[in-house]
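This report concerns only the one structure given below.
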Amino acid sequence: DTEVTQTPKHLVMGMTNKKSLKCEQHMGHRAMYWYKQKAKKPPELMFVYSYEKLSINESVPSRFSPECPNSSLLNLHLHALQPEDSALYLCASSQEVSFEAFFGQGTRLTVV
Amino acid sequence: AQSVTQPDIHITVSEGASLELRCNYSYGATPYLFWYVQSPGQGLQLLLKYFSGDTLVQGIKGFEAEFKRSQSSFNLRKPSVHWSDAAEYFCAVVPDSNYQLIWGAGTKLIIKP
């Protein structure tokens with residue numbers, strides 16, 4: 001199994017809503033990542049978890065809150081988002097930090 | 001500053017023709033090098049990687065890339081493109097084992113019938 005599974009595929013939320021994005025991998029990878037990607041741009045790193053501990057937070061606003069419940073799961077909790085947060089949110093995993101990353105299909109988020 | 005450059009924003013190639021996408025990086029040591037492909041609205045798929053050893057690496061879907069230390073380049077090639085190769089291609093670099101992926105801006109590949 002070489003898949004990273006993300007749910008939901010699409011999400012529309014209001015600026016006062018709370019929602020969560022979910023990511024799962026069963027490759028035994030110990031590093032997991034959240035990226036944000038705007039149209040026609042490369043992915044921007046948001047968070048890195050290594051061995052279930054947050055190791056990198058790229059100055060992401062507190063309205064984005066990551067969580068790593070176990071080595072296979074990664075969540076991104078969303079609260080009070082702004083329309084400019086609309087983007088494709090990608091989850092990825094790798095065997096260790098700096099190894100090749102495997103990406104999920106992403107969640108297309110629209111904030112209205 | 002450390003950077004990855006993909007000089008071509010988009011490239012148009014006829015189906016069946018050969019392809020070369022350019023990638024240059026500005027790091028002192030040999031980094032880890034990757035090419036990813038992204039179809040519209042999809043996630044990124046790893047095409048190939050270079051860590052060390054043979055400088056010509058083979059990837060999936062008939063792609064290959066060559067690492068040239070003297071030119072700080074890692075160009076992606078394919079001898080004959082198919083319409084299904086139309087996508088965005090990203091070069092990415094890990095400059096050090098403790099660093100994260102540094103991404104190029106991407107090159108959009110357009111295939112002419």
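The values are calculated or read from the model by the stated rules, or taken from the named source; none is laboratory data. Being a predicted model, the structure only gives us computed values, none of them experimental. Every residue, glycine as well, gets a Cβ built from its backbone with ideal geometry; the counts of neighbours run over all protein chains shown.
If you go through region B:79-101 and keep only what is within 15 Å of the chain's Cα centre (by Cα) and either within 9 Å of chain A (Cβ to nearest Cβ) or of a type in the set (Phe, Trp, Tyr) (or both), you end up with B:Glu88, B:Tyr89, B:Phe90, B:Ala92, B:Val94, B:Leu101. Meeting the requirement of 1 or more residues that are among the β-branched types (Val, Ile, Thr) and out of contact with any His (no Cβ under 6 Å at 6 or more places or on another chain), the strands (runs of 3 or more DSSP E) wholly within region A:1-62 are A:4-7, A:10-13, A:44-50, A:53-57. Looking at B:Leu76, B:Leu56, just one residue is within 14 Å of the chain's Cα centre (by Cα) and within 26 Å of A:Leu90 (Cα to Cα), and that residue is B:Leu76. Scoring B:Ser14 on the criteria (1) over 29 Å from A:Val4 (Cα atoms); (2) free of Cβ contacts under 8 Å to residues at least 40 places away in the same chain leaves a single failure, condition (2).
When the test is whether a residue is under 13 Å from the mean Cα position of the chain (by Cα), within 14 Å of chain A (Cβ to nearest Cβ), on the phi < 0 side of the Ramachandran plot and in a strand (DSSP E or B), B:Phe67 does not pass it. Is there a residue being at pLDDT 95 or above, surrounded by fewer than 20 Cβ atoms within 10 Å (Cβ to Cβ) and closer than 20 Å to A:Lys41 by Cα anywhere in region B:91-100? No, region B:91-100 contains no residue that is at pLDDT 95 or above, surrounded by fewer than 20 Cβ atoms within 10 Å (Cβ to Cβ) and closer than 20 Å to A:Lys41 by Cα. Just so you know, in region B:30-44 the residues that are more than 7 Å from chain A (Cβ to nearest Cβ) and part of a strand (DSSP E or B) include one that is farthest from the chain's Cα centre (by Cα), and it is B:Gln38.
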